[in-house]
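Peer 1: First, the structure itself, so that you have it in front of you.
The values are calculated or read from the model by the stated rules, or taken from the named source; none is laboratory data. All values reported here derive from a predicted model rather than from experimental measurement. As a convention, Cβ positions derive from the backbone with ideal geometry for all residues, glycine included, and neighbour counts pool all protein chains shown. Each accessible area value is taken on the protein alone, full model and side chains, heavy atoms only, with ligands, DNA and RNA left out. Shrake-Rupley method; radii C 1.70, N 1.55, O 1.52, S 1.80 Å.
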Amino acid sequence: MTAELEFTGRNIQKAVQLAAKTFGIHDKDVKYEIISHGATGIFGLTGIKKARIKVRRDPTEILADEVPLTADHEVALAEDGNTSEAMIGLEEGQKIGEAVLRRIVDAISPESTITIEKSAQTLRFHIVGGQSSILIGKRGQTLEAIQLIVDKAVHRLDGNRGRLQVDVEGYLAKKKMGLVRTAERLAQKVAAKGSPTSIGYLNAQDRRIVHIALKKDPKVRTQSVGEGPIRKLMIYTQRKPGTKF
């Protein structure tokens with residue numbers, strides 16, 4: 001899956017430089033799509049709009065050479081011969097994840113702070129303050145891309161595949177509540193009319209939220225349609241064809 005991030009600057013060149021700094025690459029290596037060239041406004045004082053670009057990048061390439069390996073990591077990798085099988089543990093996963101996330105956040109919103117919550121097999125990174133709306137992005141797309149990047153950076157070395165989550169200002173909890181409310185409303189509609197409907201194209205985490213929310217509803221069932229990380233989620237009535245309530 002390709003990660004997408006948006007960057008802004010006084011002009012396109014500044015936005016590209018910011019993207020290059022975030023990914024740790026040269027300006028000329030940044031592959032981007034121009035969203036807006038920006039505007040200088042009236043006499044350069046009011047109505048100023050920043051230039052915006054969208055950068056697409058393979059998460060497996062991002063910061064691949066930027067995460068330092070300890071001597072213990074190098075020994076483990078030499079013995080295994082396969083980085084995906086190296087068991088670096090939750091503590092090391094935290095160090096790598098925090099380093100990668102801090103690099104991204106510093107480039108976009110340096111005033112933000114990062115706190116970490118750990119459980120048995122889960123790492124949760126909470127970002128607070130700063131340009132939270134930019135870090136979240138439209139419909140959470142920027143946050144989703146950041147999550148993907150950090151996850152790939154950690155798990156390229158960790159064969160344990162523990163759960164990792166990146167959140168900004170409690171956005172994920174609010175998003176979950178919205179998804180559940182929408183799912184329940186659509187489920188009532190499907191049960192009443194008997195015709196299926198779609199809640200939209202969702203990532204795996206959001207699909208799981210909807211599946212769980214409607215699992216105990218005896219009148220409807222959910223099903224993912226399509227392939228890949230983003231799939232269409234359908235809500236169907238539980239009744240069989242030809243039967244009536």
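Peer 1: Among Tyr32, Tyr236, what's the order by accessible area (1.4 angstrom probe), most exposed first?
Peer 2: The ordering from most to least exposed comes out as Tyr32, Tyr236.
Peer 1: Here's something else I'd like to know. Which value, in Å² rounded to 10, gives the accessible area of Arg52 with a 1.4 Å probe and all protein chains present?
Peer 2: Near enough 90 Å² of accessible area.
Peer 1: Would you tally the net charge around His126, using a Cβ to Cβ cut-off of less than 10 Å, leaving His126 out, and scoring K and R as +1, D and E as -1?
Peer 2: Working: positive: Arg124; negative: Glu117, Asp167, Glu169.
Local charge sum for His126: -2.
Peer 1: With a point put 7 Å past each Cα toward its Cβ, work out how far Glu33 is from Lys118 in nm, to one decimal.
Peer 2: About 4.0 nm, to one decimal.
Peer 1: How big is the accessible area of His26 in square angstrom, nearest 10, if you roll a 1.4 angstrom probe over the protein chains?
Peer 2: 120 Å²
Peer 1: If each residue of separation counts as 0.36 nm, what is the full-extension length gain between Arg10 and Gln165 once their alpha-carbon separation is subtracted?
Peer 2: Numbers: separation 155, 0.36 × 155 = 55.80 nm, distance 3.19 nm.
Here the answer is 52.6 nm.
Peer 1: What ranking, highest mean first, results for peptides 134-145, 173-184 when packing means the other Cβ atoms within 10 Å averaged over each residue?
Peer 2: Order by mean packing, descending: 134-145, 173-184.
Peer 1: What FRET efficiency do you get for Asp106 and Thr182 if R0 is 30 Å and r is their Cβ-Cβ distance, rounded to the nearest 0.05?
Peer 2: Calculated transfer efficiency: 0.30.
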